[in-house]
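Participant: Let me begin by handing over the structure; questions about it come next.
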Amino acid sequence: MKRILLASAAIVAFATTPALPQQKTIKIGFISTFSGPPAAIGNDMRNSFELALDHHGRKIGGLPVEVIYEDDQTKPEVGVQKTQKLIESDKVDFVVGYIWSNVLLASLKPLVDSKMVTVVTNAGASQIAGELCSPYVFSTSWNNDQTPQAIGLYMNQKGVKSAFLIGPNYAAGKDMLEGVKATFKGQIVGQELTRWPDQLDFSAELSKARAAKPDAVFAFYPGGAGIQFVTQYAQSGLKSQIPLYTAFTIDELSLPRMKDLAVGIPGAQQWVNDLPNDANKKYVADYKAKYKLSPSFYGSQTYDAALLIDAALKETKGDMNKDALRKAMEKADFKSVRGAFKFGHNHIPIQNFYLQDVV
């Protein structure tokens, strides 16, 4: 009888012990391209985000984290479907990623309507800095026209008096060419917008550039299209006749395939892998050690996105109130691999740009 009473008392004590509170798991939806040739970009972004989580003990803001990766297949209609899935079915707390401006623009309405806290790690559609600016959408990259504006200034310094512009016919391509026009003081003697993303033969456009006899050619082609463009530019004999200036065409992902063809073709970037700050040195060294590859600017921007969310959650002490998170993120209170920067009122970084040359 005594044994039964003791057992009963133990049961009562166990039943009345209050349950310990469980830590919230932060859910992050990550949209990029993980199939086809552009998968090299998406994989670099994913690798960098995973490395940032490694650096923070596989937590974010001190909380457990789950990341759901989705492939947009470079298609706007797929991107918006994946965005809706992450918001409506997966109930994520943040959405991160987006390589392509047209995919981002297609996905923007469900993000804005749901007040989803979003960190864009590449796509720099000009609309998100202007009429489609949202208080809950941040960029850890740039606005599309910022980098070509830097190239336009450099072309002025080099004494270029006339230029022919070439780029793909989608949102980013148009923004890039407008960026050059905003700062270049010389004459634009021609412009071509090519079919995207399936046009890889640029012989007709190169013939038009040759006929226009400019002092220089500016081109924007990311990924595999950039490799094809630079290859054809050299094969056509234009490289030895007309200097080529680029944006987002030559990087750590494309350079191993271009090799010597890329020598002497300048570009601009807000991040390069030898920036001498401690955060960048650790990022580059640990990326190389883990993946046996060099990170690209795509990855650097994505690494910063993880640090931005981490810093904001630490400031709010895990409070997921969207306005509190927004205010914390606006401070950009973390050590960026690009060095010091701050957000403008439209949540686009105000930052340095660097001349990038292949030697």
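The values are calculated or read from the model by the stated rules, or taken from the named source; none is laboratory data. Note that the structure is a prediction, hence the values are computed from the model and not measured. Backbone-built Cβ (ideal geometry, glycine too); neighbour counts: all protein chains shown. For the accessible areas, the whole protein counts, side chains as well, though only heavy atoms, and no ligand, DNA or RNA atoms are used. Shrake-Rupley method; radii C 1.70, N 1.55, O 1.52, S 1.80 Å.
Participant: Using only the Cα atoms of region 69-221, what semi-axes does the equivalent ellipsoid have when each is the square root of 5 times a gyration tensor eigenvalue? Give whole Å, largest first.
Facilitator: Details: eigenvalues 236, 60, 19 Å².
Those come to 34, 17, 10 Å.
Participant: Show which aspartates and glutamates lie in cross-link reach of Lys24 when reach means a straight Cα distance below 17 angstrom and same-chain residues fewer than eight apart are skipped.
Facilitator: Glu66, Asp90, Asp93, Asp310, Glu315, Asp319
Participant: Shifting gears a bit: Of the options Gly173, Trp142, Tyr98, report the single residue whose Cα projects farthest towards the positive end of the charge dipole of region 83-182 (beta-carbon charges: Lys, Arg +1; Asp, Glu -1).
Facilitator: My answer, from the dipole projection, is Gly173.
Participant: Further question: Multiply the residue gap between Asp286 and Leu132 by 0.36 nm, knock off their C-alpha separation, and tell me the result in nm, one decimal place.
Facilitator: Details: separation 154, 0.36 × 154 = 55.44 nm, distance 3.69 nm.
Between Asp286 and Leu132, full extension yields an extra 51.8 nm.
Participant: So between Phe341 and His56, what do we pick up on full extension, going 0.36 nm a residue minus the alpha carbon distance? Write out the running numbers ahead of the final one.
Facilitator: Numbers: separation 285, 0.36 × 285 = 102.60 nm, distance 2.16 nm.
Here the segment from Phe341 to His56 would lengthen by 100.4 nm.
Participant: Pull out the extension gain between Thr25 and Asp323, defined as 0.36 nm times the separation in residues minus the alpha carbon to alpha carbon distance; nm, one decimal. Mind dumping the intermediate values first?
Facilitator: Details: separation 298, 0.36 × 298 = 107.28 nm, distance 1.95 nm.
Additional length available on full extension: 105.3 nm.
Participant: Taking Cα centroids, how far is region 269-299 from region 306-359 in Å?
Facilitator: If you average the Cα positions of each part, the centres end up 18 Å apart.
Participant: Treating only the Cβ of Lys, Arg, Asp and Glu as charged (+1, +1, -1, -1), what charge dipole size does region 115-271 show about its Cα centre? Round to the nearest 20 debye. Don't skip to the end; give the middle numbers.
Facilitator: On the way: 13 positive and 12 negative charges, 75 e Å.
Here region 115-271 has a charge dipole of around 360 debye.
Participant: Contact order normalised by length for region 229-334, with contacts defined as Cα pairs under 8 Å and 6 or more residues apart; what percent is it?
Facilitator: Values: 79 pairs, mean separation 20.2, N = 106.
Across region 229-334, relative contact order equals 19 percent.
Participant: As I understand it, the value is the acute angle between the Cα axis of helix 146-157 and the longest principal axis of the Cα atoms of the chain; what does it come to in degrees, rounded to 10?
Facilitator: Result, in degrees: 30.
Participant: With charges set only on the Cβ (+1 for Lys and Arg, -1 for Asp and Glu), what does the dipole of region 151-239 come to about its Cα centre, in debye to the nearest 20?
Facilitator: Details: 10 positive and 7 negative charges, 76 e Å.
The calculation lands at about 360 debye.
Participant: Under a GNM of the chain (C-alpha, springs under 10 Å), which listed residue has the highest mean-square fluctuation: Thr231, Thr302, Thr246?
Facilitator: Per the Cα network of the chain with a 10 Å cutoff, Thr231 tops the list.
Participant: Still on this structure, I have one more. Could you give the size of the charge dipole of the chain about its Cα centre, using +1 on the Cβ of each K and R and -1 on the Cβ of each D and E, expressed in debye and rounded to the nearest 20?
Facilitator: So the magnitude is around 620 debye.
Participant: So for each of 26-38, 139-151, 279-291, 260-272 I average, over its residues, the number of other beta carbons within 10 Å; can you give me the resulting order with the highest mean first? Please report the intermediate quantities before stating the final value.
Facilitator: Numbers: 26-38: 21.4, 139-151: 25.8, 279-291: 16.3, 260-272: 19.5.
Going from most to least packed, we get 139-151, 26-38, 260-272, 279-291.
Participant: Going toward the positive end of the dipole of region 24-86, with +1 on Lys and Arg Cβ and -1 on Asp and Glu Cβ, which of Ile60, Gln84, Gln73 do you reach last?
Facilitator: Working it through, the farthest residue towards the positive pole turns out to be Ile60.
Participant: Would you calculate, for the chain, the mean residue ellipticity at 222 nm contributed by helices, counting each DSSP H stretch of 4 or more residues as -39,500 (n - 2.57) and dividing by all residues, to the nearest 500? Numbers along the way, then the final one.
Facilitator: Working: 12 runs with 149 residues, N = 359.
Helix contribution divided over all residues of the chain: -13000 deg cm²/dmol.
Participant: Of Gln199, Ser294, Ala211, whose Cα points farthest to the positive end of the dipole of region 186-313 (charges on the beta-carbon: +1 Lys, Arg; -1 Asp, Glu; origin at the Cα centre)?
Facilitator: After comparing all options, I get Ala211.
Participant: Which entries in Lys239/Lys259; Lys282/Lys327; Lys91/Lys115 show an alpha-carbon gap greater than 21 Å? If you can, show how the numbers build up before the last one.
Facilitator: On the way: Lys239/Lys259 14 Å; Lys282/Lys327 28 Å; Lys91/Lys115 12 Å.
The answer is Lys282/Lys327.
Participant: Kindly write out, for region 112-124 in residue order, the coupling ³J(HN,Hα) from the Karplus curve 6.51 cos²θ - 1.76 cosθ + 1.60 (θ = phi - 60°), rounded to whole Hz, with x marking Gly and Pro.
Facilitator: 5, 4, 8, 6, 6, 6, 10, 10, 7, 9, 8, 3, x
Participant: Further, regarding this structure: Accessible area per residue, 1.4 Å probe, Å², for the chain: what's the number? Walk me through the numbers before you get to the answer.
Facilitator: Working: 16000 Å² over 359 residues.
Roughly 45 Å² per residue, with all protein chains present.
Participant: For region 134-254, what is the Kirkwood hydrodynamic radius in Å, using each pair of distinct C-alpha atoms?
Facilitator: 14.6 Å
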